[in-house]
Structures are given as C-alpha cells and as structure tokens.
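What follows is a set of notes on a single structure, which appears directly below.
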Amino acid sequence: TPIENSLADLWTQMEFINPDTLGSFKFFREQFLLPIERQNDEKAQQKLFHRVRPFFLRRTKEEVAPDLPMLTEQVFFTEMAAEQKKQYDQMKSAVRNEIFGLFDDPTKRLQVLQALLRLRQLANHPLLVDAGYTGESGKMDDVLAQWAVIRRAGHKVLFFSSFEKHLQIFRRFLEQEKQAYAWLTGDTSPQDRAREVERFQSDPSVQTFLMTIKAGGVGLNLTAADYVFVLDPWWNPAAEDQAIA
C-alpha cells in the first residue's frame, strides 16, 4: 500500500496490522515523523525501516509476470484547441486575480486549490467545468489519435484519470463508435469489478479499460494490457506508479 499523505499513514497501517509495533502515535510523531519529514534525519529513517522491515513484502514485476516487457515511458505534450484555449486564458486571468487576493490568508487557501483545479480540468476538457461546451479538446483529440493507432495494431490500453467525469467523456465517445470497453471506478462493486477485469483479460474485442487512478491502483493484474495512458497527472506520483505496475 503506498504511503500517500505522510508517515502517519504508515503508523495507521502498522497499528492495524500489529498494534504497538511503532508505539503510541505521540511517540511515533516525536521519534520518527517529525525528525524524518522536517529534518530528513537519516538515523531516524534507518531506525524506522529496521523496525518495519519484517512486515514488508515487495513483489517485483519479474516475480509476478516475467513475460511482460520492460516499461517504457513517454511524456506527450499537447496543445489546446482554439476555443478551449480561449476559455482557459479567460479563467486563468480570473484565477490569477483570485489567487493574489486569497493566498496571504491561510483560511482561503482551499479556494486557491479549487481555482487551480478548475484550470487543470479545463486543460483536460472544458466539459469538466462547462456542461454546455460544444467545442473540441486538444488533449482528447491527440489521445484518441494515438489510441486508434494502437487499437488497429491489436493492442489493449488502460486509460487512467483522476477525474471520473473525464473518463465519462471518453466513455461516451466509445459508445458512439460502438467500441467495447471495460469500466472501473471507486463506485464499482466487487462483483462488477471482477467481471470487468475478466472481460478485459479474456475478450479480444475489449481493447480499452477506463478507470480512475485510485481504483486502478488496488489489487489488479491486467497483464493483457500493452499500453497505459495517464490522462492527467495525479498529485502523488507513487499512486501513479502503483497503478501502472
């Protein structure tokens, strides 16, 4: 399980697995969390790792799926469509003024993050913030062009996004094109989850699997996939790495 927020996650997990291994939370905070996170104390890091090491099981790709090829990563930069960029620039100007007005007030910083989130969504597809948008998305056009080439070559692709609404836009496109797909989000039941995984793994016609980054990072072995598209970066790269692996 990835440690996503802070070392406090590790204490919580260990307290569940084997209570008192890391002492009380007050002890853990004073001895490990603060020295490591604030002071980068290497001795504290080594001491903590020594204490939890017996409980770690690390599986490598070579052990789990030796037939898989080496991982190759490519960062692809895309340009926004003209109408999309117009909306983005308008919101960017409004957001810039909003941020300058709020950032010095600690109680308003959540609003700053929300403003930046809107910009991220616009860069993906304006439909994420404007239900009435009828124009194009540069990112979606580029992704679909790459997907078409890969699909025609007979490969299978995982689509990851941190926004379910973003995946739904691709879902509607696939349905319009009468292309089979699998679907997985945090709301998918365990029974449906198993069914979708089986369809993707065994049915040659299901070449596309749409899933949220969080739902896709837990307990899946999708060895039928050759490619992974990360449609928008997740705030924690460890969660992305887990999902891709």
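The values are calculated or read from the model by the stated rules, or taken from the named source; none is laboratory data. All values derive from a computational prediction rather than experimental measurement. These accessible areas exclude ligands, DNA and RNA; they are computed on the full protein's heavy atoms, side chains included. Shrake-Rupley method; radii C 1.70, N 1.55, O 1.52, S 1.80 Å.
Through the Karplus equation 6.51 cos²θ - 1.76 cosθ + 1.60, θ set to phi - 60°, convert the phi angles of region 14-22 into ³J(HN,Hα) values in whole Hz; use x for Gly and Pro.
So the Karplus estimates, Gly and Pro as x, are 5, 5, 6, 6, 8, x, 6, 4, 10 Hz.
Is it possible to state the helix-based mean residue ellipticity at 222 nm for the chain, with each DSSP H run of 4+ residues giving -39500 (n - 2.57), the sum divided by total residues, to the nearest 500 deg cm²/dmol? What is it?
Values: 12 runs with 125 residues, N = 245.
Calculated from helices alone, the mean residue ellipticity at 222 nm is -15000 deg cm²/dmol.
Which pairs in the list LYS43/LYS108; LYS86/LYS156; LYS26/LYS165; LYS85/LYS108; LYS43/LYS214; LYS156/LYS214 are over 31 Å apart, alpha-carbon to alpha-carbon?
On the way: LYS43/LYS108 37 Å; LYS86/LYS156 35 Å; LYS26/LYS165 40 Å; LYS85/LYS108 27 Å; LYS43/LYS214 33 Å; LYS156/LYS214 20 Å.
Checking Cα-Cα distances, LYS43/LYS108; LYS86/LYS156; LYS26/LYS165; LYS43/LYS214 exceed 31 Å.
Rounded to the nearest percent, how much of the accessible area of region 179-234 (1.4 Å probe, protein heavy atoms only) is carbon and sulfur? It would help to have the intermediate numbers written out before the result.
Details: 1360 of 2650 Å².
The nonpolar share, carbon plus sulfur, comes to 52 percent.
In whole angstrom, how far apart do the alpha carbon centroids of region 113-140 and region 159-181 sit?
Value for the Cα centre distance between the two parts: 15 Å.
Note the direction-averaged projected area, equal to a quarter of the hull surface, for the Cα convex hull of region 135-245, in nm².
Details: hull surface 27.3 nm².
With every direction weighted equally, the projected area is 6.8 nm².
Counting only protein heavy atoms, what percent of the accessible surface of region 7-166 is carbon or sulfur at a 1.4 Å probe?
54 percent
Measuring with a 1.4 Å probe in the full set of protein chains, what accessible area per residue, in whole Å², belongs to region 74-135? Write down the numbers at each step before the final one.
Values: 4280 Å² over 62 residues.
Counting only protein heavy atoms, the per-residue value for region 74-135 is 69 Å².
Working only with C-alpha atoms, what are the Rg and Dmax values of the chain, expressed in angstrom?
Expressed in Å, the Cα Rg and Dmax of the chain come to 21.5, 58.
For region 171-228, with every protein chain kept in place, what is the accessible area per residue (1.4 Å probe, Å²)?
The answer is 54 Å² per residue.
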